[in-house]
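For reference, the structure is listed below as structure tokens.
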Amino acid sequence: MKNKKLNIVLKALGTFLLLAAICFSGALIFHSYYYELIYISGTSMSPTLNGTETDATGSLVDFGIVDAHKSALEHIERFDIVSTYYPDSTDYDSQGHLYKNAKKKIKRVVALPGETFKIDKGQVYVLKGSEFELVPAKFKTNPAQDSGYQGKDTIAPITLADNEYWVLGDNRQASRDCATLGKPIKYENLFGVLVAIEGKGKLYLKRYTCPSCGKNYDAKGGNVCPSCYVDLTPEYDVGSKQYHWPVFY
């Protein structure tokens with residue numbers, strides 16, 4: 001009788017562990033293939049997101065996931081954090097083709113398509129009828145006073161087209177964004193919407209890429225393309241990842 005009960009318990013435990021393993025594997029596969037992995041580089045989204053913390057072994061950066069599916073991009077809300085390219089020669093050539101080595105930027109959406117908005121003392125106001133109404137924000141920003149970047153905390157009224165967004169970095173004084181460019185980004189410039197920051201990792205040099213021919217070169221090689229004779233662009237990645245409880249956005 002005791003052996004029979006023990007067998008029942010062991011079978012139940014084995015079934016539970018098998019189901020747990022299946023669920024964990026499914027979640028891991030879904031996470032890896034459904035979302036795009038990203039890391040934060042630089043200080044443009046400080047204090048919300050951090051990309052330049054350091055310890056004795058090097059740079060520490062936040063990393064997480066973005067949803068790059070059409071369903072996410074079509075339902076962007078104000079103050080969402082997005083991954084985007086810029087509609088200028090930084091990311092696109094004269095024919096409008098995205099450069100192979102174009103870098104994604106992480107910024108916050110402050111105004112949506114079709115809106116008329118303004119910014120006064122860092123606060124966002126949206127035109128409702130004949131009056132501008134304050135849109136409360138629950139995040140902190142670093143102000144842009146004395147930064148050399150004008151038009152961040154005070155922006156005269158702007159009306160966006162039906163496919164345009166206005167994005168800014170939370171660290172106004174160190175962010176190259178729509179205010180710096182002097183124009184909005186468009187829907188087709190968007191890449192994804194930030195879902196969560198999952199931890200911190202060590203930033204390391206992965207390889208070099210030629211901005212002209214797109215060829216990749218070992219990080220230990222030189223910094224000039226031997227075919228095109230142009231300066232190579234360094235590409236970084238994140239290793240030694242330390243996960244924490246996800247912070248969702």
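Just a few scattered comments:
- Annotation: of all residues in region 95-143 being among the small types (Gly, Ala, Ser) and under 21 Å from the mean Cα position of the chain (by Cα), the one that is farthest from Tyr85 (Cα to Cα) is Ala137.
- Residue that is farthest from Val230 (Cα to Cα) [pool: residues in region 179-217 that are of a type in the set (Ser, Thr, Tyr) and in contact with a strand residue (DSSP E or B) (Cβ under 7 Å, 6 or more places away or on another chain)]: Tyr204
- Qualifying residue in region 105-115 (condition: assigned to a strand (DSSP E or B) and free of Cβ contacts under 8 Å to residues at least 24 places away in the same chain): no
- Single condition Leu190 does not satisfy, out of (1) of a type in the set (A, V, I, L, M); (2) touching a Leu at 6+ places or on another chain (Cβ under 6 Å); (3) outside the structural domain of Ser130 (by TED's automatic domain parsing): (3)
- Residue within region 115-127 that is aliphatic (A, V, I, L, M), closer than 22 Å to Ile197 by Cα and buried (at least 17 other Cβ atoms within 10 Å of the Cβ) present: no
- Search result, residues across region 200-248 that are surrounded by 18 or more Cβ atoms within 10 Å (Cβ to Cβ), under 25 Å from Arg108 (Cβ atoms) and not charged (D, E, K, R): Gly201, Leu203, Val238
- Of all residues in region 167-181 being of a type in the set (A, V, I, L, M) and in a helix (DSSP H, G or I), the one that is surrounded by the most Cβ atoms within 10 Å (Cβ to Cβ): Ala179
Residue-by-condition table, conditions (1) of a type outside the set (Ser, Thr, Tyr); (2) closer than 18 Å to Ala179 by Cβ; (3) out of contact with any Phe, Trp or Tyr (no Cβ under 7 Å at 6 or more places or on another chain):
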{"position": "Asp91", "(1), (2), (3)": "yes, yes, no"}
{"position": "Ile106", "(1), (2), (3)": "yes, yes, yes"}
{"position": "Val109", "(1), (2), (3)": "yes, yes, no"}
{"position": "Lys121", "(1), (2), (3)": "yes, yes, yes"}
{"position": "Glu133", "(1), (2), (3)": "yes, no, no"}
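- Answer residue from region 75-87, given it is assigned to a loop (DSSP other than H, G, I, E, B) and in contact with a strand residue (DSSP E or B) (Cβ under 8 Å, 6 or more places away or on another chain) and is modelled with the lowest pLDDT among those: Pro87
- Flag if Lys152 is over 30 Å from Tyr34 (Cα atoms) and buried (at least 21 other Cβ atoms within 10 Å of the Cβ): yes
- Where a residue in region 159-174 is under 14 Å from Arg78 (Cβ atoms) and its partner, wherever it lies, is part of a helix (DSSP H, G or I) and of a type in the set (Gly, Ala, Ser), with Cβ under 9 Å and at least six apart: Trp166/Ala179; Leu168/Ala179
- Evaluated against (1) in contact with a helix residue (DSSP H, G or I) (Cβ under 7 Å, 6 or more places away or on another chain); (2) part of a loop (DSSP other than H, G, I, E, B), Thr90 falls short on exactly one condition, (1).
- Total residues in region 185-218, condition assigned to a strand (DSSP E or B), touching a residue at least 24 places away in the same chain (Cβ under 8 Å) and out of contact with any Ser or Thr (no Cβ under 8 Å at 6 or more places or on another chain): 11
The values are calculated or read from the model by the stated rules, or taken from the named source; none is laboratory data. Everything numeric in this text was worked out from a predicted model, so none of it was measured. When we count neighbours, we look across all protein chains shown, and the Cβ atoms used for this are built from the backbone with ideal geometry, even at glycine.
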